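In what follows, a single structure is set out as structure tokens and then discussed.
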Amino acid sequence: MTVAEFATDDRSPGAVILTDARLNLLKAVVVTEGKEGKIKKLYVPIESIDFIQEGKIGLLLDTSDANLLQIASALYRMSKSEQMKHIVQHRNVLLQETTLSGIMLDKASMRASRLREISTVVPNLADDFFVLRHHAKVNLLRSLVISVLGLFVLVFGLFRDEKADPPPETDSVSAA
């Protein structure tokens with residue numbers, strides 16, 4: 001699906017592939033760690049030709065992709081004048097058009113720590129924003145184990161209820 005289709009029509013969490021995404025690394029929010037300020041994560045607004053986020057940001061990419069981190073790291077360490085020159089010379093790298101895949105999360109499906117981090121570091125965040133966890137996949141084994149355990153509990157509960165109910169007593173009247 002396209003970014004515009006997701007943003008206007010679908011808007012549901014789960015596995016997704018966005019075919020016409022444009023990553024605007026000029027608007028990326030950098031999350032660093034340690035004293036040396038090593039970049040560990042980026043939050044990048046996802047746009048497309050048909051979907052530009054100018055006011056509130058409603059669609060973000062949460063990524064630790066090495067290539068994107070390297071680009072952001074180089075830009076992050078430059079002075080303002082160096083950044084301006086770099087932006088003019090490398091505009092196509094900073095505004096990448098690509099296909100993105102991952103797990104789309106809404107506020108209800110995020111861990112509290114992730115929600116707190118995003119709300120703290122990303123300015124102009126929309127109330128109903130979505131985050132695409134880059135390259136994340138549904139863990140089928142975990143889902144299967146949870147489903148089997150749920151079925152086991154359900155079946156065990158049904159048989160347990162059948163054994164717990166004593167058979168109804170019948171009055172036998174002797175015909176003597």
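The values are calculated or read from the model by the stated rules, or taken from the named source; none is laboratory data. In this text, all values refer to a predicted model and were calculated from it rather than measured experimentally. FYI the Cβ positions are ideal-geometry reconstructions off the backbone, even for glycines, and counts take in every protein chain you see.
Within segment 109-123, how many residues turn out to be of a type outside the set (Lys, Arg), at pLDDT 85 or above and out of contact with any Leu (no Cβ under 8 Å at 6 or more places or on another chain)?
6
When segment 91-111 is examined, which residues are found to be farther than 22 Å from residue 11 by Cβ and free of Cβ contacts under 8 Å to residues at least 24 places away in the same chain?
Residues satisfying the conditions are 91, 92.
For the subset of segment 62-72 comprising residues that are touching a residue at least 40 places away in the same chain (Cβ under 8 Å) and surrounded by 15 or more Cβ atoms within 10 Å (Cβ to Cβ), which member is farthest from residue 116 (Cα to Cα)? Full working, then the answer.
Taking segment 62-72 first, the residues touching a residue at least 40 places away in the same chain (Cβ under 8 Å) are 62-65, 68, 71-72.
Filter once more, so that each one left must be surrounded by 15 or more Cβ atoms within 10 Å (Cβ to Cβ): 62-63, 65, 68, 71-72.
Values: 62: 14, 63: 17, 65: 22, 68: 23, 71: 26, 72: 22 Å.
Applying the filter and picking the extreme gives 71.
Mind checking which residues of segment 98-117 are crowded, with 16+ Cβ neighbours inside 10 Å and assigned to a loop (DSSP other than H, G, I, E, B)?
Matches in segment 98-117: 110 only.
Go through segment 24-62 and give me each residue that's of a type in the set (Asp, Glu) and either outside the structural domain of residue 114 (by TED's automatic domain parsing) or farther than 14 Å from residue 131 by Cβ (or both). Let's see the steps before the verdict.
Let us first name the residues in segment 24-62 that are of a type in the set (Asp, Glu), namely 33, 36, 47, 50, 54, 62.
33, 36, 47, 50, 54, listed by residue number.
Among the residues in segment 136-156, are any modelled with pLDDT of 80 or more, charged (D, E, K, R) and either within 26 Å of the chain's Cα centre (by Cα) or in a helix (DSSP H, G or I) (or both)?
There is no residue in segment 136-156 that is modelled with pLDDT of 80 or more, charged (D, E, K, R) and either within 26 Å of the chain's Cα centre (by Cα) or in a helix (DSSP H, G or I) (or both).
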